[in-house]
Amino acid sequence: MDIARFERKSEFEWQIKPFGRMQVPGVIFASEALLREMDAKVAEQVTNVAMLPGIVGASFAMPDAHWGYGFPIGGVAAFDPDHGGVVSAGGVGFDISCGVRTLHTGLQLKDIESLKTRLADALYHSIPAGLGSTGAIRLDAAKMDAMLRGGARWAVEQGFGEAADLERIEEGGCMRGADPSQVSEQAKKRQHDEMGTLGSGNHYLEVQQVTEVYAADIAAAYGLKPGDVVVSIHCGSRGLGHQIGTEFLRQMVIAAPGYGIELPDRELACAPIHSPLGQNYLGAMRAAINCALANRQILTYLTRQVFARLLPQSRLPLLYDVSHNTCKVETHTVDGQPKKLFVHRKGATRAFGPGHPDLPPALREAGQPVLIGGSMGTASYILAGTRASMQRAFGSACHGSGRAMSRHQALRNWNGRHVVDELAGRGILIRSPSSRGVAEEAPGAYKDVSAVVDSAEHAGLARKVVRLEPIICIKG
């Protein structure tokens, strides 16, 4: 990317001053090296988002930002509902509430070393993964609507977990305001037998080891220490979320002129928050958030069963569950006054700072855990939200390493079998139904996650807590 268009505000913050129809500045948080490597389309999309009605503060992009649909992936924008603010399906994304949850195991690497291959095989056979993967759970119409209203709470009530899990999930495991009646029959049909499945793309289940601690006080509050083995699950709302995004984007494109909205890009289709269409989308999107929360809860149950069989001494309490690809109503300070805003995070993680009332009491003083997935075969990180982030980017941070090349380009560069063998040589076991999927997700297809995390920390968005190295990866 040509950085001449930016004004450098600090070593890790770059601004596009408002011009034309921009309502607010565009801001990218990144090192100069990461910014130069970004596709020029990121700056274009950040600029376009800044033109949307009712936007507040700035149009932000996180250090892992790359070209997305309408919004950049890694984009954050907040809208004031009382000043013409809009909700954008493209600002949430297709895989609504895709997110990460991390589980403690109470184990160290020595406890699983002799069972590593058996554990990898057992997880692979118990966790449905891959394009079109289906699970053993079948939901009739009544159960589907109950799941869409109840999220992880519904899953726990069905026996897929413990009440204590809900304390460690955003929104207590259930997104209020979900309206299953706004979810089409086609969307529900697509989810009929996909509960408890990982899906494909960059979704995964990883067994990981804590290899480095950067903030011992916060790590202790999170219950983490060097050598600990944890499990991280990355997935979302599967076919249901994708169908909702597709349908409402189409409706919003058609309806925008009637609302007096001139779209800078058709992919930024949106509707006023207070409009019937805006409210219908919010109801459907919140139902999809609950679908994703229920899905990760069921996957947690399946994972616990595997560990209980092979490692009965293990315990798998939930550390935390975070979502990206959401729009949530949050209170933030604007011009010195608290204001309810609709915060879109697309490929970005909520990162509330210490003392925030929405955090569980046990984690409140440490700040929100921010779970950052690396690419397959590379490190992941756990960060902590900061008070500075609340002021700088509506309490937001990056969500992963971010793609550096398209999946088609990755296929030209790597062979899936070779990637599996190379990682096995490093002691990392990969299990996947798709050699093509492995090639698409090769480590070299992504940005350097360490550089992304360092940029987020230096920009004040989150504090680095621990580094996690992969041991086993189950992917679609």
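When the label point is put 7 Å from the Cα of ILE254 along its Cα-to-beta-carbon vector, which residues of the stretch 78-94 have a backbone N closer than 20 Å?
Within reach of a label on ILE254, which here means backbone N under 20 Å from a point 7 Å along Cα→Cβ, the stretch 78-94 contributes 87-91.
In the stretch 1-83, which trypsin sites (Lys or Arg not before Pro) fall in coil by DSSP and have 13 or fewer other Cβ atoms within 10 Å?
Filter output for the stretch 1-83: ARG21.
Set the Förster radius R0 to 25 Å, insert the Cβ-Cβ distance between ARG309 and ASP111 as r into 1/(1 + (r/R0)^6), and round the FRET efficiency to 0.05.
The calculated FRET efficiency here is 0.95.
Pop out the carbon and sulfur fraction of the accessible area of the stretch 130-184 as a percent, whole number, probe 1.4 Å.
That share works out to 49 percent.
Using 1/(1 + (r/R0)^6) with R0 = 25 angstrom and r between the beta carbons of LEU411 and ALA33, what's the FRET efficiency to the nearest 0.05?
Approximately 0.45, to the nearest 0.05.
Sort 264-270, 433-439, 191-197, 234-240 by the packing proxy (mean of other Cβ within 10 Å over each peptide's residues), most packed first.
Averaged packing, sorted descending, gives the order 234-240, 191-197, 264-270, 433-439.
If I model a spin label at THR211 and LEU131 as a point 7 Å from the Cα along the Cα→Cβ vector, what separation in nanometres do I get?
In this crude spin-label approximation the distance works out to 3.2 nm.
Whole number in Å², please: accessible area per residue of the chain, 1.4 Å probe, ligands, DNA and RNA not counted.
36 Å²
What is the sum of charges, Lys and Arg at +1 and Asp and Glu at -1, for the other residues whose Cβ falls under 14 Å from the Cβ of PHE60?
Here the charged neighbours net out to +3.
Which of the pairs LYS447/LYS475; LYS9/LYS41; LYS17/LYS447; LYS143/LYS189; LYS328/LYS464 have their Cα atoms more than 23 Å apart in this structure?
Violating the 23 Å limit, Cα to Cα: LYS17/LYS447; LYS328/LYS464.
Taking the Cβ of PRO312 as the centre, find all other residues whose Cβ is under 15 Å away and add up their charges (Lys, Arg: +1; Asp, Glu: -1).
Around PRO312, the charge tally is +3.
Counting Lys and Arg as +1 and Asp and Glu as -1, what is the net charge of the other residues whose Cβ lies under 11 Å from the Cβ of GLY347?
Computed value for this residue: +1.
The values are calculated or read from the model by the stated rules, or taken from the named source; none is laboratory data. Keep in mind it's a predicted model, so treat the numbers as computed, not measured. Note: ideal-geometry Cβ built from the backbone for every residue, glycine included; neighbour counts use all protein chains shown. Heads up: the accessible areas ignore ligands, DNA and RNA and are worked out on the full protein's heavy atoms, side chains in. Shrake-Rupley method; radii C 1.70, N 1.55, O 1.52, S 1.80 Å.
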